[in-house]
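Written out below as structure tokens is the structure these notes cover.
Just so it is clear, none of the values below were taken in a lab; they were calculated from the coordinates. Please read all numbers here as calculations on a predicted model, not as lab measurements. Methodologically, a virtual Cβ is constructed for each residue, glycine included, from the backbone with ideal geometry; neighbour enumeration extends over all protein chains shown.
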Amino acid sequence: MAAMIRRTPLLFAAILILLAGRGATAQKGPWGTELPDNPAPKQDPPKQDTNAPPPKQDKNPWQTPMGLIATKSYFYPDLARTPGPLSSLQKFELFLTTSLSPPQILVSAAGAGISEARGTLPGYGQGGEGFGKRFGSSMASDASSHFFGTFLLPSILREDPRYFVAGGSMKRRVGHALLRTVMIRTDTGGYKFNIPGTLGPLAAEGLANSYLPDSERTVGKTFQRFGIRFGFGAANNLLKEYWPSIFKSLGLNKVAPGLKPDPTPVQPPGQPPN
């Protein structure tokens, strides 16, 4: 009992301090600002016109069909939208998305149909089975080309396999697209000879000899396929260069905004930078 009596003043003082603190905070706003002695009466918010149309909400452009086509994950995954560099994991992801991109599937399907119509690769036969074998071999060789040229060699050599749009005049853009087949951007922003873009397709065609018909497994046929693939790569670069402009000319620049020009465009070997 004596101990309780001794503690009573301490408890009483604590209660007083607590009440005083609450009284002080009651005169302050939520951030400690002093409130006026006579606060203004609360005003009702203005009534909204129920007949007015609801405010327009901005649509996510990437949810539209054209936006989906324009995004890097759906059509041209290797169009650069950031200066980089990419990590090895990002290069591996780029290899996967590029191998399964719509242009890759469409080109393989068209090539298989043309090959069957012309009777090339006769070892695959005709009909649905022949078309399936041609389509599968085309997809496999494209995937292996991207594996070597987009992931493996760029990761080892510290190079950026993406395509950076040049912009500017037609001469500059066409020259940039063609030079990009033999020059590649490094992870540090410079340009050097495109080893992944040359050895990658060649390695893929060499690997294709393991599943192509026997008539195709010769050195001459291997380099012939490599030359065709290399030429298609140059033409594809031209389409990539003008891909953002195609959407802009159709008035879809809000849906598919143009890419920023490459700050360090590729230069021909032996020429000083612009």
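Side notes on the structure shown:
- Neighbour-count order for Met170, Met139, fewest beta carbons within 10 angstrom listed first: Met170, Met139
- Figure legend: label point modelled 7 angstrom from the Cα of Leu199 along Cα→Cβ; residues of the stretch 129-166 with amide N under 18 Å from it are 144-162.
- By the count of other C-beta atoms within 10 Å, a proxy for reagent exposure, Lys221, Lys91, Lys171 are ordered fewest to most as Lys171, Lys221, Lys91.
- Positive-end residue of Gly119, Met139, Asn194, charge dipole of the stretch 86-249 with Cβ unit charges: Asn194
- Stretching Leu100 away from Arg158 to a fully extended chain increases their span by 18.5 nm, per 0.36 nm per residue minus the current alpha-carbon distance.
- Using the Cβ-Cβ distance between Thr218 and Arg81 with R0 set to 41 Å, the FRET efficiency from 1/(1 + (r/R0)^6) comes to roughly 0.45.
- Here r is the Cβ-Cβ distance between Thr188 and Thr120 and R0 is 35 Å; the resulting FRET efficiency, rounded to 0.05, is 0.20.
- Cα-based equivalent ellipsoid of the stretch 86-249: semi-axis lengths in Å, sorted from largest, via gyration tensor: 29, 19, 14
- Positive-end ranking of Gly167, Pro103, Gly220 along the dipole of the stretch 86-249, with charges on Cβ about the Cα centre, is headed by Gly167.
- In a reduced charge model with +1 at each Lys and Arg Cβ and -1 at each Asp and Glu Cβ, the stretch 86-249 shows a dipole moment near 580 debye about its Cα centre.
- Remark on Glu159: its backbone amide H falls under 5 Å from those of Asp187, a criterion applied only to residues 5 or more positions apart or on other chains, H modelled at 1.01 Å from N.
- For the pair the stretch 76-104 / the stretch 157-180, the C-alpha centres are spaced 16 Å from each other.
- Residue order, fewest to most beta carbons within 10 Å, for Tyr191, Tyr211: Tyr211, Tyr191
- Simple spin-label estimate for Arg172 and Glu129 in nanometres, 7 Å along Cα-Cβ: 5.6 nm
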